[in-house]
Amino acid sequence: MSDEKRIILISDFIEQKLRKEQELEYYLNELAELQVKIGHLKREVDLTNTIIDMIKAEKVQMIKANHNLIESDDEQDSDM
């Protein structure tokens, strides 16, 4: 192989390496942005789940309260 062909091959490898480094940097930046977005979404999902749990717990308390009111009304009706 002549020296000229070696220089071309080495320059090709150097160019290829630079392109891959740039591509890697691009994807690392994209990954960092996606991780931030994932963090925000996880917090939003957690908040939504907390709200849903609070609503469910409130419904249970309301059902119990209504049930107690019904029993109280029934007890009053039976006293008459």
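The values are calculated or read from the model by the stated rules, or taken from the named source; none is laboratory data. The shown structure was predicted, so the numbers you read here are calculated from the model rather than taken from an experiment. Ligands, DNA and RNA are excluded from the accessible area calculation, which covers all protein heavy atoms including side chains. Shrake-Rupley method; radii C 1.70, N 1.55, O 1.52, S 1.80 Å.
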Nearest-10 value in Å² for the accessible area of MET62, using the 1.4 Å probe:
100
Would you list which lysines come within 23 Å of LYS17, measuring only between C-alpha atoms, while excluding same-chain residues fewer than 8 positions from it?
LYS5
LYS59 - accessible surface, heavy atoms, 1.4 Å probe, Å² rounded to 10:
120
